[in-house]
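Q: First, the structure itself, so that you have it in front of you.
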Amino acid sequence: MTDTQSAVSASPADSGVADDVFVQIRNLKMHFPVTEGTIVQKTVAHVKAVDGVSFDINRGETLGLVGESGCGKTTVGRCILQLERPTAGEIMFDGRDLTQLTQKELIPVREKVQVIFQDPYSSLNPRMKIGAMLEEPMRVHRIINNASERKERVKELLSVCGLDPKFADRYPHEMSGGQRQRVGIARALALDPAFIICDEAVSALDVSIQAQVINLLEDLREQFNLTYLFIAHDLSVVRHISNRVAVMYLGNLVELADGDELFDNPTHPYTRALLDAVPIPDPVVEEDREHRIIKGEVPSPMNPPSGCVFHPRCPMAVDSCRSSVPEFREITSGHYVACTEV
């Protein structure tokens with residue numbers, strides 16, 4: 001994706017989500033320097049983890065961001081959170097460019113932008129009780145100064161997330177993985193946020209627990225009018241929870257569409273290959289269907305291919321794909337794809 005490619009926004013069809021842009025990503029780039037030397041270090045290359053991504057998230061919707069490991073999904077989320085300062089681009093949240101704010105100016109923004117991490121085993125402090133962990137953000141941001149009121153708020157958060165309020169006196173090691181992830185969700189809700197980034201929030205859980213957590217996230221979105229960026233690689237989970245889905249490959253956005261439209265009518269060859277890799281729980285259908293396996297390996301993000309980044313592995317590639325970057329264009333209403341051959 002190039003600097004000239006425009007950001008895209010579309011209301012999810014039949015989802016009831018208003019076309020009210022809440023988060024805008026404009027030409028986001030995150031290039032990590034590769035250095036060598038011990039005493040005197042010099043930069044010898046850059047890992048282009050995110051290389052010019054643009055998209056919008058509407059208020060009240062869930063945007064799924066999918067792609068294989070290493071494509072830059074989590075880096076996009078970390079840049080939005082300002083845990084990483086992007087190399088270039090704009091991140092507009094509620095009308096403010098987060099990339100231009102100082103750490104002090106980001107403090108009130110952090111109340112409204114929260115994250116649910118992937119691993120419930122490592123994202124909770126093993127030396128703190130659950131109640132103390134949930135109280136901490138309230139105390140740091142001074143939204144509830146009274147200790148007894150904070151404890152009541154903790155009980156309320158645990159109850160909302162399907163946990164017994166008595167769990168406030170437990171340590172993380174005394175809880176199961178699903179219970180810990182519910183604590184992570186409760187912690188994200190502690191500051192009454194408007195936007196939550198779910199970074200592989202269910203990938204470390206058993207399938208039955210995944211369904212419970214996904215249903216909880218959907219209920220919370222409706223109850224508190226939340227907006228989600230749902231980062232995942234499990235396409236079945238993404239289809240269940242997302243209004244729209246964006247597909248990333250090697251730091252670039254290759255397709256964006258309404259959830260049902262993308263799964264029923266995948267257009268980019270990479271999106272088709274991803275969907276082909278999802279097993280069908282019917283042995284007869286699974287045996288008869290055509291499997292399109294992507295050839296080759298994912299190129300190094302330190303030296304991505306010229307032109308379309310997918311062309312070395314694409315079965316539809318032509319000569320122009322090797323030299324020209326495809327425009328991220330709208331092929332049908334709300335359906336965008338970066339491919340010249342569709």
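Q: Grab the beta carbon distance between GLN212 and ASP192, set R0 = 35 Å, and tell me the FRET efficiency rounded to 0.05. Intermediate results must be reported in sequence, preceding the final value.
A: Values: r = 23 Å, r/R0 = 0.67.
Approximately 0.90, to the nearest 0.05.
Q: Calculate how many DSSP beta bridges within the chain are antiparallel, expressed in % of all such bridges and rounded to the nearest 5.
A: On the way: 32 of 49 bridges.
So the antiparallel bridges in the chain amount to around 65 percent.
Q: Here is a follow-up. Report the rotationally averaged projected area of segment 148-306 based on its alpha-carbon convex hull, in square nanometres. Before the final figure, lay out the partial values.
A: On the way: hull surface 51.2 nm².
Result: a mean projected hull area of 12.8 nm².
Q: Computed over the Cα atoms of segment 41-95, what is the ratio Rg over Rh, Rh following Kirkwood? All intermediate terms of the calculation are to be shown ahead of the outcome.
A: Numbers: Rg = 13.2 Å, Rh = 13.1 Å.
In segment 41-95, Rg relative to Rh is 1.01.
Q: A follow-up question, please. Only sites in a loop by DSSP and with at most 15 other Cβ atoms within 10 Å count here; which trypsin sites (Lys or Arg not before Pro) in segment 266-306 make the cut?
A: Loop-located and lightly packed - ARG289, ARG292, LYS295.
Q: Also, quick follow-up: Hey, with R₀ at 45 Å, roughly what FRET efficiency would ILE331 and SER159 work out to, going by the Cβ-Cβ distance, to 0.05? Working shown, then result.
A: Values: r = 46 Å, r/R0 = 1.03.
Working from the Cβ atoms, E equals 0.45.
Q: Rank the residues GLU135, GLU68 as a footprinting-exposure proxy: fewest other Cβ atoms within 10 Å of their Cβ go first. Intermediate results must be reported in sequence, preceding the final value.
A: Details: GLU135 22, GLU68 16.
Ranked by crowding around the Cβ, least crowded first: GLU68, GLU135.
Q: Magnitude of the Cβ-charge dipole of segment 231-342, K/R +1 and D/E -1, about the Cα centre, nearest 20 debye? Before the final figure, lay out the partial values.
A: Working: 9 positive and 17 negative charges, 97 e Å.
Dipole magnitude for segment 231-342 comes out near 460 debye.
Q: Which of the trypsin sites (Lys or Arg not before Pro) across segment 75-151 are loop residues per DSSP, with 14 or fewer other Cβ within 10 Å? The partial results should precede the final answer.
A: Numbers: sites: ARG78, ARG96, LYS104, ARG110, LYS112, ARG127, LYS129, ARG139, ARG142, ARG150, LYS151; in loops: ARG127, LYS129, ARG142.
Answer by residue number: ARG127, ARG142.
Q: So, in the chain, how many Lys pairs have Cα atoms under 25 Å apart, if the pair is 8 or more places apart or on different chains?
A: Step by step, the pairs that qualify in the chain add up to 18.
Q: Where the only charges are on Cβ atoms (+1 Lys, Arg; -1 Asp, Glu), what is the dipole of segment 285-342 about its Cα centre, to the nearest 20 debye? Could you put the intermediate results ahead of the total?
A: On the way: 6 positive and 9 negative charges, 54 e Å.
So the magnitude is around 260 debye.
Q: Still on this structure, please answer the following. Take the eigenvalues of the Cα gyration tensor for the chain, scale each by 5, and report the square roots as semi-axes in whole Å, largest first.
A: On the way: eigenvalues 247, 119, 78 Å².
Equivalent ellipsoid semi-axes, largest first: 35, 24, 20 Å.
Q: Write down the Kirkwood hydrodynamic radius of segment 237-342, to one decimal in angstroms, obtained as one divided by the mean of 1/r over all alpha carbon pairs.
A: 14.8
Q: Then there's this: Once every Cα of segment 288-329 carries one equal point scatterer and solvent is ignored, give the base-10 log of I(q)/I(0) from the Debye formula at q = 0.25, 0.31, 0.32, 0.34 Å⁻¹, two decimals.
A: -0.91, -1.14, -1.17, -1.22
Here, each number is a calculation from the coordinates, and none is a lab measurement. Note that the structure is a prediction, hence the values are computed from the model and not measured. As a convention, Cβ positions derive from the backbone with ideal geometry for all residues, glycine included, and neighbour counts pool all protein chains shown.
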